[in-house]
Each structure stands twice: as C-alpha cells, then as structure tokens.
Amino acid sequence: MSKPLISVVITIYNEEDNIKPLLEATYGALEKLDYEVILIEDGSTDRTVEEVKKYANDRTKLIIFNKNYGQTTALAAGIDMASGVYIATMDGDLQNDPTDIPTMLQKAMDEDWDVVAGRRANRKDGFVLRKIPSKIANWVIRNTTKVYLNDYGCTLRVYKAEIAQNMGLYGELHRFIPVLAKQQGAKMTEVDVKHHPRIHGESKYGLSRTFKVMADLILMLFFQKYFQRPIHLFGGIGLISFFIGGLISFYMLILKIMGEDIWGRPLMILGFIMILGGIQLITTGIIAEIIVRTYFESQDKKTYTIKSVFEGSGRTLTGLEVQATESINRI
C-alpha cells in the first residue's frame, strides 16, 4: 500500500460541538491531496467519540484513549500511527484553520523544509490571560534554547515524517516540539496562519500551566546541552563546589594551626557542605553517564540521526529506510 502524501494528526478532548465543522473543514481543505486524518480522542467525557464516528470518512482513523493523558501524549500517539510522507498537527478546537495546511505543505516540499511552523498573526485570544503569558513564554524559550521561532504555542505545523517520528514526545513537551525537532537537525521556518476565536467548548489552558512550562524548559535545556554528556553538567558544578569547599577547609586549617578556635564557625560548616555537595554531584554525574549508556546500548539506540544515504545506483534512502535496513540486517 502506498503512503499518503500527508497525515493530519488532530488532538481532541471534549469537543463534541466542534467535530462536525472540524471534519468538514479538514476534508474540504485536503480534497486535492492524498491524505489521511488521525484523530486522537484524549479521554473525553462528552459525546466526542460518537460525533467522530458519525461524520468521519473512510480516510479517517480514530484513536480512543481510556483516560486523559494530555496533549503531548495524544500527539505522540497520532504521530506514531501516521503513515504519510509528511505529518501535520493541529488542535481540534477550530481555532487552527486546516485551509493553511496545503500552503504549508507546498512550502515544505518546494523549499525542502523539515518543519514549517504556524505563526498566529492575528491571534483571537484574551489579551491578559493568554496573549501576555504566551509572549513572555515565547521570549524566554526563544532566548534560552536559541531556537528562534515566534510562536511556540501554535500546534499547527507540518513536518517531514522522519523528523516527527524521531522526536521522542513525553510528559508535556508539546510546546517544545521545535526544540526537539532542532535536536534532530531539522531545518525550520515559520509562516503566518489564520487563527479563529473559540466558539464551542472551553479552553484547556490557563495561567496554571506557567510553572509547568518553566519546569519543562529546564528539562529541555538539559536535553539540549547535556543529555548525552551529563557528567559535564554535574561533574563541572561538583568540581567547582569541591574546590571552593577545599579552599575554605584549607583556610580554616591554617587558622586552627595559628591557634584560633574554629569549631562551630559558619564558614567551616559551609566548607564541609560544599565538599560533600561536590562529591554528591560528581557521583550523580557518573551515575547519569551509566544510565545514558544503558539507555542507548540496551535498546541499540544511536547517538545520531541519519537524514538520508545516497547509493551509487542513484537511489537515496531516507533515515527511516536506513533504520529499517539496519534492523533487517541484525535479524
């Protein structure tokens, strides 16, 4: 069976009133393309599933979760199920417009982009509770990760399949998908896309997510810089702490030799704490290195990603085809 040109992955949660117009708009936008639509129903408590079954066409797959896992997990499941050469992702709340997908796909094919990200040029959300926190988060993520996109919160994106299916989505990292893609060596660009106000249902996002985003940002910075060499982070900080603690202890030793009473001094206690902390951090780095090696070697994972391989016969293998060939050869 030949692959469709594009798989459109849509996450839905309690969107019963949006399903009919969502599917009608999506099918209409994709009618000239070879496509499939993959809907991930993330544990809805309303009639979302019944509405999808009522209006879905024969190119639509519905993945039903037994409970609510969150948007990142839903996206990961849809991407895993996708068989298209390209994969598009979008929300099911009708704020993303599927008519943007053909234009984004064409740009990805014509200019050989790995990721074409949407940028909500005229965002139809509340200014105080949505736009301001989003702008702050975008600025922080952009300047800490050095991945220069303007709108990390827009789910509407088009990816080459080999990029999307190698990102490793866990937890609540969907906002950081561009950073994960960049770690795969993806070439990315942004285009302006339409954005509509929410008509039915309630937003699943709010200010409560701010602290989660900040915590995930710390994780992403670790992944970006130290995932394959954690000893450089823990060992570096540990050595500095150990060195400072050693200097303090040496200074206190000199004072003791000179006859001063040093017992109970805060500086002496600080020196002991920094020495012990340094030892613990260095030990943590060594353990983390062992875990990283176990992660890669036990599953025969590679520390690199192959984009493509050109054969002398004139054929070019994609990264996924290379991985499949390697698996067959091992068997």
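The values are calculated or read from the model by the stated rules, or taken from the named source; none is laboratory data. Quantities reported herein were computed from a predicted structural model and do not represent experimental measurements. All Cβ positions, glycine included, derive from the backbone under ideal geometry; neighbour counts span all protein chains shown. Note: areas computed on protein heavy atoms with side chains; ligands, DNA, RNA excluded. Shrake-Rupley method; radii C 1.70, N 1.55, O 1.52, S 1.80 Å.
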Looking only at residues that are of a type in the set (Gly, Ala, Ser) and out of contact with any Pro (no Cβ under 9 Å at 6 or more places or on another chain) in region 268-304, which one is modelled with the lowest pLDDT? SER298
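Collect the residues in region 192-218 that are over 18 Å from GLY70 (Cα atoms) and either at pLDDT below 70 or surrounded by fewer than 17 Cβ atoms within 10 Å (Cβ to Cβ) (or both), keeping them in residue-number order. Please lay out each step first, then the result.
Just the residues of region 192-218 that are over 18 Å from GLY70 (Cα atoms), to begin with: 192-200, 218.
Passing the criteria: ASP192, LYS194, HIS196, PRO197, ARG198, ILE199, HIS200, ILE218.
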Check TYR152, TYR170, TYR148 and return the single one that is aromatic (Phe, Trp, Tyr) and touching a residue at least 40 places away in the same chain (Cβ under 8 Å). TYR170
Yes or no: LYS135 without any contact (Cβ under 8 Å) to a residue 40 or more places away in the chain, under 20 Å from PHE176 (Cβ atoms) and either in contact with a strand residue (DSSP E or B) (Cβ under 8 Å, 6 or more places away or on another chain) or basic (Lys, Arg) (or both)? yes
Condition first: of a type in the set (Gly, Ala, Ser) and without any contact (Cβ under 8 Å) to a residue 40 or more places away in the chain. Now tell me which residues in region 1-27 satisfy that. SER2
Looking at (1) in a strand (DSSP E or B); (2) open to solvent by less than 30 Å² (accessible area, probe 1.4 Å), which is the one condition that is false for LYS61? (2)
Just a yes or no: is a residue in region 73-84 closer than 14 Å to THR155 by Cα, touching a residue at least 12 places away in the same chain (Cβ under 8 Å) and polar (S, T, N, Q)? yes
Selected residue [surrounded by fewer than 16 Cβ atoms within 10 Å (Cβ to Cβ), within 29 Å of VAL179 (Cβ to Cβ) and small (Gly, Ala, Ser)] from GLY285, GLY236, GLY264, GLY246: GLY236
